[in-house]
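Engineer: Have a look at this one.
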Amino acid sequence: MINVNTRNISPEVAGTDKQLGLVFNDKKWIEYRRKWDENPKQGIVEKVPLQIDLFAVDICNLKCPMCPRQAFIPGKGYMDTKSIKRILDQGAEHGLCAFNFSGLGEPTLHPDVLEIIRYAKEKGVVDVNMHTNGTRLGAEFNKKLLESGLDRLIVSLDSADKQRYESIRIGASFEKVYAGVEDLIKQRNDHKSARLHIKANFIEMDEKDDTEKNKFITYWKGKVDRIAVLRYLDCKDVERLFWKENYVQDNDFCCPELWRRLIILSDGTATLCPRDMQKHHIIGNVNDKTISEIWTGEKIQKIRDMHRKGCFKELGFCADCPDSYDKKKDEQKK
């Protein structure tokens, strides 16, 4: 049987990976993270995924050149709140552990984003997390976000230099976004009972020059709880590594996410992978099947079987997956 590698392909920067803290150290959280690591290795399929990634929002207020939405946008709006709650109800019925409110759009633009976060927590979801470009962060919104019960927030920032940042995050104000993130950190720190864990993401667009990366790390180290360096992907068609010459493919790759996460787009389509915005592998739709029926269904199980047999390259969409590549050892030392 093929060995499932559950490594983190977007490594957190050494010295910035603060522990989640005592509020994340309860039995439910520990069991959830145990399953996150062990289920892929053991081939365990729960009644529902450990995490639902709901790409409910297609609209965005930025035009970032490296974003997949520059080539393809799956929809023109957002999923209605009633449908989102129905998805959460079905997941919670069988012990859904995590809910990621994310996607190709900006999730904070959903009119009921705070209500949705609160509802997920009320249903007993252990880890409610969200990605954001940070443009809505500000004193009033931050207060409500902290009160909503959100567990983890991942903010895509990408540069600590104003000119560089605004050339990447087209449409955003460097001063406004950075002030918003720092206000959120301050409000969270002023309320010790607040659970929110904050991570700053940096896309390494130039792997030959560490100047921008080091400047970013220096700025945010000691402020946010974590800093992650993400690989730069070519997203014109299927997502591929931009700096592929620095990597080597693992021919024994077996994707752990097939035992962890279910991706649902704004129209209810369930796809194989968070990279599959263009619906190459549709495994169901929540408008005519339950979450459990999709997750335990024949379509996704066949793909799991192929991965465990070491046949991922026979699946066209998976054959050149960025996650199947490891950085060359000589590059890791740089």
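The values are calculated or read from the model by the stated rules, or taken from the named source; none is laboratory data. On a predicted model such as this, the values are computed, not experimentally measured, just so you know. Glycine gets a Cβ as well: all are built from the backbone with ideal geometry, and neighbour counts include every protein chain shown. SASA here: full protein model, heavy atoms, side chains in, ligands and nucleic acids out. Shrake-Rupley method; radii C 1.70, N 1.55, O 1.52, S 1.80 Å.
Engineer: If you place +1 on the Cβ of every Lys and Arg and -1 on the Cβ of every Asp and Glu, how big does the dipole about the Cα centre of the chain come out, in debye to the nearest 20? Don't skip to the end; give the middle numbers.
Structural biologist: On the way: 57 positive and 53 negative charges, 104 e Å.
Dipole magnitude for the chain comes out near 500 debye.
Engineer: Calculate the all-directions average of the projected area of the stretch 133-214's alpha-carbon convex hull, and give it in nm².
Structural biologist: On the way: hull surface 22.3 nm².
Convex hull of Cα atoms, orientation-averaged projection: 5.6 nm².
Engineer: Using Cα pairs closer than 8 Å and at least 6 residues apart in sequence, work out the relative contact order for the stretch 97-162, in percent.
Structural biologist: For the stretch 97-162, the relative contact order is 38 percent.
Engineer: I need the peptides 119-127, 188-196, 38-46 ranked by packing, meaning the mean over residues of other C-beta atoms within 10 angstrom, with the highest value on top.
Structural biologist: Highest-to-lowest ranking by the protection proxy: 119-127, 38-46, 188-196.
Engineer: In addition: Apply the a/c threshold of 1.5 to the C-alpha gyration tensor of the chain and tell me whether it is rounded, prolate or oblate. It would help to have the intermediate numbers written out before the result.
Structural biologist: Numbers: a/c = 1.41, a/b = 1.11, b/c = 1.28.
Rounded shape, in that the Cα axes give a/c under 1.5.
Engineer: Further question on the same structure: Compute, for the stretch 182-334, the length of the dipole vector about the Cα centre, with Cβ point charges of +1 (Lys, Arg) and -1 (Asp, Glu) only. Units Debye, rounded to 20. Intermediate values should be presented prior to the final figure.
Structural biologist: Details: 31 positive and 29 negative charges, 118 e Å.
Once rounded to the nearest 20, the dipole reads 560 debye.
Engineer: With the dipole of the chain worked out from charges on the C-beta (+1 for Lys and Arg, -1 for Asp and Glu) around the Cα centre, which of Ala172, Leu262, Trp220 lies farthest toward the positive end?
Structural biologist: Farthest towards the positive pole: Trp220.
Engineer: How far is the Cα center of the stretch 70-137 from the Cα center of the stretch 241-317, in Å?
Structural biologist: 20 Å
Engineer: Rolling a 1.4 angstrom probe over the protein heavy atoms, how many square angstrom per residue are accessible across the chain?
Structural biologist: Averaged over the residues of the chain, the accessible area is 46 Å².
Engineer: Relative contact order of the chain: what whole-number percent is it, with Cα pairs under 8 angstrom and at least 6 residues apart?
Structural biologist: Relative contact order comes out at 24 percent.
Engineer: Using a ≥ b ≥ c from the Cα gyration tensor of the stretch 109-261 (square roots of the eigenvalues), is it rounded, prolate or oblate, where a/c under 1.5 gives rounded and otherwise the larger of a/b and b/c decides, a/b for prolate?
Structural biologist: oblate
Engineer: Please compute one quarter of the surface area of the Cα convex hull for the stretch 104-151 and express it in square nanometres.
Structural biologist: 3.3 nm²
Engineer: Here is a follow-up. Take the solvent-accessible surface of the protein heavy atoms, probe 1.4 Å, and return the percent of it on the chain that carbon and sulfur atoms account for.
Structural biologist: Ligands and nucleic acids excluded, carbon and sulfur reach 49 percent.
Engineer: Something else: For His131, what is the net charge nearby, where nearby means another residue's Cβ is under 12 Å from its Cβ and Lys, Arg count +1, Asp, Glu -1? Mind dumping the intermediate values first?
Structural biologist: Values: positive: Arg152, Lys199; negative: Asp53, Glu106.
Net local charge, His131 excluded: 0.
Engineer: Using the structure shown, list the pairs from Lys27/Lys244; Lys162/Lys192; Lys27/Lys85; Lys143/Lys279; Lys41/Lys82; Lys279/Lys309 with a Cα-Cα distance above 29 Å, or answer none.
Structural biologist: Table pairs above 29 Å Cα-Cα are Lys27/Lys244; Lys162/Lys192; Lys143/Lys279; Lys41/Lys82.
Engineer: Ok, one more. Can you tell me the mean projection area, over all orientations, of the convex hull of the stretch 35-109's alpha carbons? Units nm², please.
Structural biologist: Average projection, Cα convex hull of the stretch 35-109: 6.3 nm².
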